[in-house]
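Shown next, in structure tokens, is the structure this report addresses.
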């Protein structure tokens, strides 16, 4: 069976949903179809690792952000539980797993990211979990009620937040990190040590420079084995070792360039005509920092969905946006602003205050301009940092002021 739609969006998350809503405002009469491989409508992925939700202190239904009536009122069709198996850009067809074919005029790919799998023996046993969808989270919530010792594997934000969730649930928790310290490439050694101390103070055992090589047990998790031969008994494992772009081979087969994400220009256009991309799957040219970047956060996905929709409609506006987000855990609030990558040649870090203090920051500078920042327990200066990044202000003679926590950053703009 064949269908036809002016706008087709692959991905029912925040980027795809905002894009559909924006397109409806711009083009009142066009047919708009969202294809989602999940069997439900838009929900908050941000809420998945928040204590009130995870510990069931708020109703489960609160996670849903859109109901069927919202889509009906805007005349946006959402095809849930369907997977795209092939994109044919020559004839502008999308082929679905149920045999249906959908012709498009303009296509947006907003498929997000999917957890990178830990490819070791025993990794498919019962009790091994990944965190991406609402259903996977629900499984973890139920498993935590009966498990005694949980292990979070992976030194990223998911591992950090899940270690805290399990600790708050009353479990014995071990946090396994492959690198010398938690997020050392972003936090720096001193900040990373401060974060690890906060984790340990809450009773979580942090094992750094530790590689997991096997999940032990018969059909269910009974423990893990490390590269040094040591074993640790546990009955629940949550893995967060990064994300990959789902269906990357299918996207490449369609002629799209895929690296860390789907490559796009400053207009969020891919290299294939009439195909745009938005959200966590997108590696785009950032005109502010003059470099390609892939950002996986809710605010950026929202903004890209809206921006891509405008360009799909026919406008041609550069995507200029400095995103930020905050992760909470173990008594700390860490706010990431802009591009926090530090392993890029020519970049340096200005410490704002000291990691020994309760509040402090790290400001990333490239070519005498601010490109990103990290703040711990200090979000008051975020708006000023965003403006510094957006403006490209020359800070070559202002580094002492940037490092002074008593100095108002707004005065430097």
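The values are calculated or read from the model by the stated rules, or taken from the named source; none is laboratory data. Note that the coordinates shown come from a computational prediction; the quantities given were computed from them, not determined experimentally. Every residue, glycine among them, receives a Cβ derived from its backbone with ideal geometry; neighbour counts consider all protein chains shown.
Data overview
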{"item": "Meets criteria (at positive phi, crowded, with 22+ Cβ neighbours inside 10 Å and modelled with pLDDT of 95 or more) for residue 268", "result": "yes"}
{"item": "Of all residues making up segment 128-148, the number that are out of contact with any helix residue (DSSP H, G or I) (no Cβ under 7 Å at 6 or more places or on another chain) and surrounded by 17 or more Cβ atoms within 10 Å (Cβ to Cβ)", "result": "6"}
{"item": "Pick from segment 379-411, criterion buried (at least 18 other Cβ atoms within 10 Å of the Cβ) and modelled with pLDDT under 90, ranking: farthest from residue 334 (Cα to Cα)", "result": "409"}
{"item": "Scope segment 109-122; condition under 27 Å from residue 258 (Cα atoms) and out of contact with any helix residue (DSSP H, G or I) (no Cβ under 6 Å at 6 or more places or on another chain); matching residues", "result": "109, 111, 112, 113, 114, 115, 116, 117, 118, 119, 120"}
{"item": "Those residues of segment 94-105 which are touching a residue at least 60 places away in the same chain (Cβ under 8 Å) and outside any loop (DSSP other than H, G, I, E, B), in sequence order", "result": "94, 96, 101, 102, 103, 104, 105"}
{"item": "Residue match in segment 375-386 (condition: within 22 Å of residue 292 (Cβ to Cβ), outside the structural domain of residue 190 (by TED's automatic domain parsing) and assigned to a loop (DSSP other than H, G, I, E, B))", "result": "no"}
{"item": "Selected residue [within 27 Å of the chain's Cα centre (by Cα) and modelled with pLDDT of 95 or more] from 58, 78", "result": "78"}
{"item": "Elements of type strands (runs of 3 or more DSSP E) in segment 200-247, at least 3 residues being more than 25 Å from the chain's Cα centre (by Cα) and not assigned by TED's automatic domain parsing to the domain that holds residue 263", "result": "212-216, 223-226, 231-233"}
{"item": "Total residues in segment 182-191, condition buried (at least 21 other Cβ atoms within 10 Å of the Cβ) and more than 17 Å from residue 363 (Cβ to Cβ)", "result": "1"}
{"item": "Residue count, segment 217-253 (criterion: under 19 Å from residue 111 (Cβ atoms) and without any contact (Cβ under 8 Å) to a residue 12 or more places away in the chain)", "result": "3"}
{"item": "Residue list for segment 55-86, restricted to those being in contact (Cβ under 8 Å) with a residue 60 or more places away in the chain, touching a strand residue (DSSP E or B) at 6+ places or on another chain (Cβ under 6 Å) and not in a helix (DSSP H, G or I)", "result": "77, 78, 80, 84, 85, 86"}
{"item": "Which numbered condition residue 196 fails, given (1) in contact with a helix residue (DSSP H, G or I) (Cβ under 7 Å, 6 or more places away or on another chain); (2) free of Cβ contacts under 8 Å to residues at least 40 places away in the same chain; (3) over 21 Å from residue 347 (Cβ atoms)", "result": "(1)"}
{"item": "Matching strands (runs of 3 or more DSSP E) fully within segment 289-355 where at least 3 residues are under 24 Å from residue 44 (Cα atoms)", "result": "324-329, 332-338"}
{"item": "Of all residues making up segment 18-38, the number that are touching a strand residue (DSSP E or B) at 6+ places or on another chain (Cβ under 7 Å) and within 16 Å of residue 112 (Cβ to Cβ)", "result": "6"}
{"item": "Matching residues in segment 156-177 - criterion: being part of a loop (DSSP other than H, G, I, E, B) and touching a residue at least 40 places away in the same chain (Cβ under 8 Å)", "result": "156, 169, 171"}
{"item": "Unique match (being within 18 Å of residue 254 (Cα to Cα) and in contact with a helix residue (DSSP H, G or I) (Cβ under 8 Å, 6 or more places away or on another chain)) among 57, 66, 106, 92", "result": "106"}
